[in-house]
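A short write-up of the structure that comes next.
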Amino acid sequence: MKQENQEKRRRQIEAAAYDVLRQKGYRATSMLAIAKEAGASNETLYKWYGNKQNLFQALVIANAQDVVDHLDRSIAESGTVADTMAYLGPALLTLVTSDKAIALNRAAAADVDETGTLGKTIADAGRETVAPLIGEVFDQARILGELSFDNSQEIVELYLNLLIGDLQIRRVIGAMPKLTKAGIRKRADRAWRLVLHLYGT
């Protein structure tokens, strides 16, 4: 019971951190402001996270794990490679352009001149973790004779560029609004269709 209550409290604190981040921006966000927003003590935040950078690193890792969990489910539950990609593409694009992901990317950009830790965490927990999962799907498609390629890293890179491109950075700088479900589906379908055109057997 104690562990459940602590986990619930942790989720409340992390939700408060997102709220303060959106309101104030990363540099103006403090542990005290997050504690007040969450109705928690400043001592609790420092005890659990150590400092602001560690707290936001925890948010990055949790958000990245959501992406990985979605992709794992899409791979496990889908039948054909086409079915997997029909689920995987929209799920990934939705998550990396979500309000949470954009808030964390903005925080990472603001942290570059302070510690530079958030950007590295996003890279390690995000793309460096997700790319191998997509590579597994493409390798399976190659085994089944649906795709033909020599370098799995190259085809994954191409797919991610086709799927995401500069959408995330444009969201980060406020140059475009949140994507619609229809827009996400259309872009995901296009990315997979182009991969099939280039590498399909």
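The values are calculated or read from the model by the stated rules, or taken from the named source; none is laboratory data. Remember, predicted model here, so these are calculated numbers, not experimental data. Here the Cβ positions follow ideal geometry from the backbone for every residue, glycine too, while neighbour counts run over all protein chains shown.
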Count - residues of the range 1-26 that are under 16 Å from L104 (Cα atoms), aliphatic (A, V, I, L, M) and surrounded by fewer than 19 Cβ atoms within 10 Å (Cβ to Cβ):
1
Considering only residues of the range 115-137 that are more than 17 Å from A58 (Cβ to Cβ) and of a type in the set (D, E), which is farthest from the chain's Cα centre (by Cα)?
E136
The lone exception for S74 - which of (1) crowded, with 18+ Cβ neighbours inside 10 Å; (2) within 30 Å of V137 (Cβ to Cβ); (3) in contact (Cβ under 8 Å) with a residue 24 or more places away in the chain it fails:
(3)
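Out of the range 137-170, which residues are assigned to a helix (DSSP H, G or I) and of a type in the set (V, I, T)? Lay out the reasoning, then the answer.
Here is the first cut: in the range 137-170, the residues assigned to a helix (DSSP H, G or I) are 137-143, 152-163, 167-170.
Across the range 137-170, the qualifying residues are V137, I143, I155, V156, I169.
Kindly indicate whether any position in the range 27-47 is under 19 Å from the mean Cα position of the chain (by Cα), part of a helix (DSSP H, G or I) and either buried (at least 17 other Cβ atoms within 10 Å of the Cβ) or modelled with pLDDT under 85 (or both). Break it down into steps so the answer makes sense when it comes.
Taking the range 27-47 as the starting set, the residues that turn out to be under 19 Å from the mean Cα position of the chain (by Cα) are none.
The answer is no; no qualifying residue exists.
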Take I134 and decide whether it is free of Cβ contacts under 8 Å to residues at least 60 places away in the same chain, in a helix (DSSP H, G or I), crowded, with 19+ Cβ neighbours inside 10 Å and touching a Phe, Trp or Tyr at 6+ places or on another chain (Cβ under 7 Å).
no
Residues in the range 91-116 that are surrounded by fewer than 21 Cβ atoms within 10 Å (Cβ to Cβ), under 16 Å from A188 (Cα atoms) and not β-branched (V, I, T) total 3
Can you tell me which residue in the range 1-26 is modelled with the lowest pLDDT, limited to those that are of a type in the set (D, E, K, R) and over 22 Å from V172 (Cα atoms)?
K2
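Among what's in the range 135-186 and is among the hydroxyl-bearing types (S, T, Y) and modelled with pLDDT of 95 or more, pick the residue that is nearest to M85 (Cα to Cα). Show your work before the answer.
Just the residues of the range 135-186 that are among the hydroxyl-bearing types (S, T, Y), to begin with: 148, 152, 159, 180.
Filter once more, keeping what is modelled with pLDDT of 95 or more: 148, 159, 180.
Values: S148: 16, Y159: 11, T180: 19 Å.
Going through the qualifying residues, I end up with Y159.
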